[in-house]
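Since the structure comes first, as structure tokens, the remarks are kept for the end.
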Amino acid sequence: MPKSGAAKRPPIHLIDVEADALSGLAYSAEKLAPDVSKLLLEEILRAKVLKAERIPKDVVTMRATVKYRDEANGTARWVQLVYPREADIVQGRISILTLIGAGLVGLREGQSILWPDREGQERLLTVIKVVQDTQAETPQPAAKPLRAEGLSSLPEPAAEQQVGIDVIIQIEIDRRQPGYRARFEEAVLNWPNLQECLLLSNDMNYSLRLCLKNIGEYEHVKSGLMANLPGIRKLTANFVVSDLLRRREHQG
């Protein structure tokens, strides 16, 4: 893959909580998608990271819908940039863990970026229009032009697809504290969106799986619930990049 140096890339902006989440996703994808992981981490490191309220409205953020043009052939497309579990290429929802997704995030309307494709050839991508998820206006003018650009529609995600982030948390308990297990279990079993709580035989005593709606909910869990768990010696959290069993069920 040709090296895409920072000199070939315009300035980009990221929302702080999204940058944290994308870092976790990128590290989790190092073995599954090493090229995308590396490129996404490079973009995160060079980005100007701001609070959500300070991000310009024409920046490609997560769940924004963007019209971009491939300058190599002049083709323009509408896509929505989403987390891996929400991706559906037929509906125009592309994962951040794709080359196109990693290349578009953080760009503003009118900006272009030289970005490698799957064959390793650099292509110039230009952002034409950005519509944030919270905006009421629809990004596409009509069905006919969209069909010409390769998309029939961009409907709202179904209810189950709104739950877009799974987090696996592994916890080591401080066994020196009396009653550590009972106090920990009483606290954690009251967590909302807890899908799984397993007692393990290794040094990491518990494995939890949370199904969360968005990054804001993850930040609430991290700063509130995780920080207040009793008797914690060590805690690690990782985002689920792909659930292979669910993917097989959907493909079947």
> In the list 43, 53, which residue meets the criterion of being in a helix (DSSP H, G or I), closer than 19 Å to residue 239 by Cβ and in the same structural domain as residue 23 (by TED's automatic domain parsing)?
Replying inline: 43
>> Given the criteria under 14 Å from the mean Cα position of the chain (by Cα), among the β-branched types (Val, Ile, Thr), under 20 Å from residue 118 (Cβ atoms) and buried (at least 20 other Cβ atoms within 10 Å of the Cβ), does residue 66 qualify?
In response: no
> Which members of region 4-39 meet the condition of being modelled with pLDDT of 85 or more and of a type in the set (Asp, Glu)?
Replying inline: 16, 18, 20, 35
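The values are calculated or read from the model by the stated rules, or taken from the named source; none is laboratory data. Model, not experiment: these values are computed from the prediction. Positions of Cβ are backbone-derived with ideal geometry, glycine not excepted, and every protein chain shown enters the neighbour counts.
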